[in-house]
Amino acid sequence: MKTFIQSIVVAVLVSGTLLSCSKQELDELHTTTTGQDASKKTDLNTLTLAPASATQTSINLRVTADATTGAPAGFTLQWMSAAAYAANGNRWASDQQLCKASFSGNANRSRYQLAPGQSVVVNVGELLFDNGASTNCGTALSCTVQDYVFRAFAHATNTQQRSEFTAATPASTLPCHAGATCTYTASYWSTHGPIPVGNNQNEWRLTSLQLGSVVYTDLQALAILLTPADGNELIMLAHQLITAKLNLAKGAEETGIADYIAQADAQIGSQNILNTSASTPISGANSGYITTATTPLINYNEGASGPGHCAEAED
């Protein structure tokens, strides 16, 4: 009888824990409590984390798996402002106060299943979601804050426990330098469009917008902007192309972006973005969007190139 009662108590405690867990934490609990006994598992070795590049509203980080164990189940990234970290005695804030992003290696078409020594670059800010990526802080970083600290750990597998955290890794956005004809991000335009969010107003200067050879109403363009990319390169490209065209219509300096806009329109061609979803298979012809056209548009919209990001207005 005593053993039976103890089993019920344990089940209740575990149920309470599960109710307060996020999906990623549930996955972590599952992988660490199945397969071999956790006490017999070895830890995955620590990742390497380093800044790669930045805009005024985002930071790219290079995550490298250990040369021996890899990170086959992906990894989690956490961050906070450097000022808050210093004010906390150079210690991390409580888990509830941290920004976190999970990059699962187990998701379909995930690029986060890292072999030993393999690296991947992830974007922190207005996260360009791939399959397997999720976050509690999907808004742009701030060039007025500028300095941040990051850490990461490799997810547990059925045979190995999660790694230790990396050391606190500093990284910074580009400094604010916006001119009179600055640019806004996709997030800004999605909340200041034909269906304004909160107390915002519709600031779109266009009532129709052409992507490739297809013309969309402003409401259709907004629907595209609000469609999660989840790793679909065509939707990612459409988000940045809409944003660039809205910035130009607002009066932002062109500053050499016209060629990339023309390239993006040519790549989209007659494809109707409204008929594309995150689960739409990506053809070989589409796989280069993110590097050949999307990145220059991101740099323009987020202030790494061109007139600069409208930091004060958006932050």
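General observations
- D147-S119 FRET efficiency (beta carbon distance; Förster radius 22 Å; 0.05 resolution): 0.40
- Residue-wise HN-Hα couplings along region 247-254, as the Karplus relation 6.51 cos²θ - 1.76 cosθ + 1.60 with θ = phi - 60° gives them from phi, are 5, 5, 5, 6, x, 5, 4, 5 Hz; Gly and Pro carry x.
- Integer Hz, Karplus 6.51/-1.76/1.60 couplings in order for region 292-306, x for Gly and Pro: 7, 10, 5, 4, x, 5, 4, 4, 5, 5, 9, x, 6, 9, x
- Order of E203, E233 - criterion: other Cβ atoms within 10 Å of each residue's Cβ, fewest first: E203, E233
We did not get these values from a lab; they are worked out from the coordinates using the rules stated. Computed from a predicted structure; not experimentally measured. Reconstructed Cβ throughout: ideal geometry from the backbone, glycine too, with neighbour counts over all protein chains shown.
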